[in-house]
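*Asks:* Quick one: the structure is below, and I'll ask about it shortly.
Throughout, read-outs are computed from the coordinates displayed, never taken from laboratory work. Here the structure is a predicted model, which is why all the values come from computation and not from measurement. Glycine gets a Cβ as well: all are built from the backbone with ideal geometry, and neighbour counts include every protein chain shown.
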Amino acid sequence: MPPQQSDEIVDALKRVAAILRDHEIEFALGGGLAAWALGGPPTEHDVDLAIREADADAALAALEAEGLRTEQPPEGWLVKTWVDGVLVDLIFRPSGLVVDTAFLRSCPEMGVAAVPMRVMPAGDILRTKLLALSEHNLDLEPLLSYARALREQVDWCELATAVGESPFARAFLYLTDALAISRSQ
């Protein structure tokens with residue numbers, strides 16, 4: 001059983017998941033909350049949901065119709081909403097992945113806080129996090145926590161191939177190998 005997650009984050013996830021489900025907008029749970037659902041540490045940051053880019057406008061309209069504040073930030077790869085102060089990112093262009101129907105359907109369905117939903121696999125969670133690393137965003141602590149907790153769920157060779165062009169990701173994988181996280185014990 002995963003460690004306790006904050007009620008505010010879980011409630012925000014449940015509310016947005018219900019709205020998207022009711023409007024037939026497919027999604028997959030991603031980011032730190034997906035890592036938690038798979039057995040990793042709890043997150044206190046936000047909720048990340050992967051959606052198709054073609055569904056972004058419909059998702060915003062559905063969320064606004066339910067009284068939630070939304071935003072289309074200038075980054076151009078996500079839209080945002082808030083539930084009682086909790087940020088929910090709806091990401092349609094995560095680093096290293098294409099969110100399309102095939103991707104969403106490849107994510108296993110599981111119960112997250114008693115709500116059935118698709119959840120990104122551990123390798124995809126790490127891929128998106130590793131490919132988002134940069135000189136200005138190089139906090140490895142949460143990634144090490146995810147890697148330790150989810151190590152048996154990750155195909156490390158496949159992950160290394162997928163992120164191999166990023167020097168930051170390669171450095172992280174070197175570290176996980178040196179710490180015996182990504183290799184057989």
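*Asks:* Please arrange Thr176, Thr101 by counting, for each residue, the other beta carbons lying within 10 Å of its beta carbon, fewest first.
*Replies:* Thr101, Thr176
*Asks:* Using a Förster radius of 22 Å, what is the FRET efficiency between Arg21 and Ser106 based on their Cβ-Cβ separation? Nearest 0.05, please. If you can, show how the numbers build up before the last one.
*Replies:* On the way: r = 19 Å, r/R0 = 0.85.
Efficiency, from the Cβ-Cβ distance: 0.75.
*Asks:* So, one more: Kindly put Met117, Met110 in sequence by how many other C-beta atoms sit within 10 Å of each C-beta, fewest to most.
*Replies:* Working: Met117 22, Met110 14.
So the residues, fewest neighbours to most, are Met110, Met117.
*Asks:* Considering only DSSP states other than H, G, I, E and B, which GluC sites (Glu not before Pro) in region 1-64 qualify as loop sites with at most 13 other Cβ atoms within 10 Å? Numbers along the way, then the final one.
*Replies:* On the way: sites: Glu8, Glu24, Glu26, Glu44, Glu53, Glu64; in loops: Glu24, Glu26, Glu44.
Taking region 1-64 and a limit of 13 other Cβ atoms within 10 Å, the loop GluC sites (Glu not before Pro) found are Glu24, Glu44.
*Asks:* Spelling out what I want: for every residue of region 87-92, take phi, set θ = phi - 60°, compute 6.51 cos²θ - 1.76 cosθ + 1.60 (Karplus), and round to whole Hz; glycine and proline get x.
*Replies:* Per-residue couplings from phi come out as 6, 10, 8, 9, 9, 10 Hz.
*Asks:* With +1 assigned to the C-beta of every Lys and Arg and -1 to the C-beta of every Asp and Glu, and no other charges, what is the dipole magnitude of region 48-185 about the Cα centre in debye, to the nearest 20?
*Replies:* About 400 debye.
*Asks:* Based only on other Cβ atoms within 10 Å, what is the fewest-to-most ordering of Ser6, Ser134, Ser145?
*Replies:* In order of increasing Cβ crowding within 10 Å: Ser134, Ser6, Ser145.
*Asks:* Let me ask another. May I ask you to derive the relative contact order of the chain, considering only C-alpha pairs under 8 Å and at least 6 residues apart, and to give it as an integer percent?
*Replies:* About 20 percent, as a whole number.
*Asks:* So, with +1 on the Cβ of K and R and -1 on the Cβ of D and E, and no other charges, what is the size of the charge dipole of region 1-120 about its Cα centre, to the nearest 20 debye? Before the final figure, lay out the partial values.
*Replies:* Numbers: 9 positive and 20 negative charges, 65 e Å.
Here region 1-120 has a charge dipole of around 320 debye.
*Asks:* Points 7 angstrom from Cα along the Cβ direction at Glu64 and Val115: gap in nanometres?
*Replies:* The modelled label-to-label distance comes out at 2.2 nm.
*Asks:* Moving on. Go through region 87-183 and name the GluC sites (Glu not before Pro) that are in a DSSP coil and have 15 or fewer other Cβ atoms within 10 Å of their Cβ.
*Replies:* Glu135, Glu165
*Asks:* Mean residue ellipticity at 222 nm from the helices of the chain, using -39,500 (n - 2.57) per DSSP H segment of n ≥ 4 over the full residue count, to the nearest 500 deg cm²/dmol? Spell out each step's value before the answer.
*Replies:* Numbers: 8 runs with 79 residues, N = 185.
Taken over the chain, the calculation gives -12500 deg cm²/dmol.
*Asks:* Moving on to the next point. Just to be sure I understand the rule: take each whole DSSP H helix in the chain, project its Cα atoms onto its long axis, keep it if the span is 15 Å or more and its mean Kyte-Doolittle hydropathy is at least 0.5. Which ones pass?
*Replies:* Membrane-span-like by this rule: 167-178.
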